[in-house]
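Everything below concerns the one structure shown next.
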Amino acid sequence: MRLTRRGVALLAGGIGCYLLGEYAGFAMVRMIGGAAVGAVSLALLLARFRPAVQISRTVDPERVERGRPALATLVVRNPAHRWLAAFTVEDRVGAETRRIPVRSLAPGAQAAYHYELPTGVRGRHALGPLSLSWSDPFGLVRTAYRLGGDAELWVDPRRHRVRAGRAGHPRHHDDGPAADRLVRGSVDLRAIREYVVGDEVRHLHWKASARTGRLMVREYADPVEARLTVLLDTRAGVLSAEQFEEAVEVAASLVYATLTAGQPCRLVTSSGVDSVVDGELRQARLLLDPLCLADQDAPDSAPLVPERLGATRPVGALVVIGGPDDVVERWRPDTVIRFSGIEPAAGVIAATDAADAVGQWNAGIG
């Protein structure tokens, strides 16, 4: 509760008028001063009573790409049996504040108010708490109190149309090592070997058995699926803030396109993130959430890949997004995407922004 500028001026003027009337002996001036002070006192008393109001807020959608619209809806209801005076609701969204003026409501009535949420910055933004403020009819005193109602708005990196990685072995191919997870209906003949106890009798190869004089069986296995590993450089100082945002957009575009194609995908960052999804789009949040929260929080002197992650090269296609490093050569990436203005080379995409990098990737450059 605090006095507005009008309230402060009226209180100061009232006190001044009363003192002047008392000193000069003017009863009218003294009465005017007393009335002004009494009006401010009455406003302070009325401001202590909180309006009986019910407020709920919804956010649609709760997750949105950077730059896409997101709306919040306030539903205000007056459960009392008397009119509800107008007031203002304030909602904090990250570092910004939205002010929603609410009109007076009849008894039992409700009204909905919509306002746009800022989505220009990637990350997880806290909403609330809601704050309700109102003043007396003359605008002398303003009172505010918190209602609670915290929520979250996830602003994901902007995603571009991009093709999935094309390295690795497709399903139903008879080359390549056996897969680490079986795919239903995708069993191929790998070899013919001698029967051992426990083998499926239905896999017996009678012609080979007759030719060798020993029971022989067909050995089936699934080939390695096409898979993609995206390595994002999150070391401070390697990329500028603008370049890093473009790099995150490229990483998000690649992992989402890979999962859409039903291929396993892995995300690795210099900060120690190591997330793997087995080609299921419904689990995309396991990769998009770390990218949503990604920051250049790894030391500039740190290796591109943490020691515990850089021992062996991942299986399948490998894309490195960021600056140069000796680990890049040791892991033998299929494509390196950089935004440092270097000259393009074999296996290297030198891009100015995410749209340029995606365009070169789709064209098969790098």
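The values are calculated or read from the model by the stated rules, or taken from the named source; none is laboratory data. Treat the numbers as computed from the prediction; the structure is a model and nothing was measured. Cβ coordinates were reconstructed from backbone atoms using ideal geometry, including for glycine residues, and neighbour counts include every protein chain displayed. In case anyone asks, the SASA skips ligands and DNA or RNA and just uses the protein heavy atoms, side chains included. Shrake-Rupley method; radii C 1.70, N 1.55, O 1.52, S 1.80 Å.
Filter segment 148-176 down to residues that are modelled with pLDDT of 50 or more and either under 13 Å from the mean Cα position of the chain (by Cα) or open to solvent by less than 70 Å² (accessible area, probe 1.4 Å) (or both), then give me how many there are. Give the steps one after another, and end with the answer.
Looking only at segment 148-176, we keep the residues that are modelled with pLDDT of 50 or more, and these are 148-166.
Within this subset, residues satisfying the condition of being either under 13 Å from the mean Cα position of the chain (by Cα) or open to solvent by less than 70 Å² (accessible area, probe 1.4 Å) (or both) are 148-149, 151-160, 162-165.
Qualifying residue count, segment 148-176: 16.
Which residue is least open to solvent (accessible area, probe 1.4 Å), if the candidates are limited to segment 305-336 and must be at pLDDT 80 or above, closer than 22 Å to residue 358 by Cα and in a loop (DSSP other than H, G, I, E, B)? Give the derivation first.
Step one: filter segment 305-336 for residues at pLDDT 80 or above, giving 305, 317-322, 333-336.
Filter again for closer than 22 Å to residue 358 by Cα, leaving 317-322, 333-336.
If we keep only those that are in a loop (DSSP other than H, G, I, E, B) as well, we get 322, 333-334.
Working: 322: 1, 333: 31, 334: 71 Å².
Result: 322.
Of everything in segment 92-118 that's outside any loop (DSSP other than H, G, I, E, B) and among the polar types (S, T, N, Q), which residue is most open to solvent (accessible area, probe 1.4 Å)?
Let us first name the residues in segment 92-118 that are outside any loop (DSSP other than H, G, I, E, B), namely 92-93, 96-102, 105, 110-116.
Okay, now just the ones that are also among the polar types (S, T, N, Q), so 97, 110.
Values: 97: 45, 110: 121 Å².
Applying the filter and picking the extreme gives 110.
Given the criterion part of a helix (DSSP H, G or I), among the charged types (D, E, K, R) and at pLDDT below 90, identify the matching residue among 202, 190. Write out each step before concluding.
Values: 190 fails: part of a helix (DSSP H, G or I).
None of the other options fit; the residue is 202.
When you check residue 295 against the structure, is it surrounded by fewer than 19 Cβ atoms within 10 Å (Cβ to Cβ), at pLDDT 85 or above and closer than 20 Å to residue 242 by Cα, yes or no?
Working: surrounded by fewer than 19 Cβ atoms within 10 Å (Cβ to Cβ): yes; at pLDDT 85 or above: yes; closer than 20 Å to residue 242 by Cα: yes.
Yes: the conditions hold for residue 295.
Could you tell me how many of the residues in segment 59-85 are on the phi < 0 side of the Ramachandran plot and open to solvent by less than 60 Å² (accessible area, probe 1.4 Å)? Let's see the steps before the verdict.
From segment 59-85, those on the phi < 0 side of the Ramachandran plot are 59-66, 68-85; that's our starting set.
After this cut, where a residue has to be open to solvent by less than 60 Å² (accessible area, probe 1.4 Å) as well, the list is 59, 61, 64-66, 70, 72-76, 78-80, 84.
Residues in segment 59-85 being on the phi < 0 side of the Ramachandran plot and open to solvent by less than 60 Å² (accessible area, probe 1.4 Å): 15 in total.
If you go through segment 1-37 one residue at a time, how many are of a type outside the set (Lys, Arg) and in contact (Cβ under 8 Å) with a residue 12 or more places away in the chain?
Of the residues in segment 1-37, the ones of a type outside the set (Lys, Arg) are 1, 3-4, 7-29, 31-37.
Then keep just the ones that are in contact (Cβ under 8 Å) with a residue 12 or more places away in the chain; that gives 1, 3-4, 7, 10-11, 13-21, 29, 32-37.
Final tally of qualifying residues: 22.
What pairs can you find where one residue is in segment 119-146 and basic (Lys, Arg) and open to solvent by less than 40 Å² (accessible area, probe 1.4 Å), the other is modelled with pLDDT of 75 or more and not in a strand (DSSP E or B), and their Cβ atoms are less than 8 Å apart, with a gap of 6+ or different chains?
Short answer, once both residue conditions are applied: 122/66; 122/157; 122/245; 122/248; 122/292.
Hey, among the residues in segment 277-287 that are assigned to a loop (DSSP other than H, G, I, E, B) and open to solvent by 60 Å² or more (accessible area, probe 1.4 Å), which one's modelled with the highest pLDDT?
Filtering segment 277-287 down to residues assigned to a loop (DSSP other than H, G, I, E, B) leaves 278-280, 284.
Pick out the ones that are also open to solvent by 60 Å² or more (accessible area, probe 1.4 Å) and you get 278, 280.
Details: 278: 81, 280: 76.
Within segment 277-287, the match that is modelled with the highest pLDDT is 278.
Evaluate the following for residue 56: is it polar (S, T, N, Q), exposed (fewer than 15 other Cβ atoms within 10 Å of the Cβ) and not in a strand (DSSP E or B)? Give the steps one after another, and end with the answer.
Values: polar (S, T, N, Q): yes; exposed (fewer than 15 other Cβ atoms within 10 Å of the Cβ): yes; not in a strand (DSSP E or B): no.
Taking the combined requirement at face value, the residue does not satisfy it.
So that you can scan it fast, the table gives a plain yes or no per residue for (1) open to solvent by less than 50 Å² (accessible area, probe 1.4 Å); (2) in a strand (DSSP E or B):
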| site | (1), (2) |
| --- | --- |
| 242 | no, no |
| 249 | yes, no |
| 256 | no, no |
| 275 | yes, yes |
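May I ask you to list the residues in segment 13-30 that are surrounded by 13 or more Cβ atoms within 10 Å (Cβ to Cβ) and not acidic (Asp, Glu)? Give the derivation first.
Within segment 13-30, the first condition is being surrounded by 13 or more Cβ atoms within 10 Å (Cβ to Cβ), and the residues that meet it are 13-22, 26, 29-30.
Across segment 13-30, the qualifying residues are 13, 14, 15, 16, 17, 18, 19, 20, 21, 26, 29, 30.
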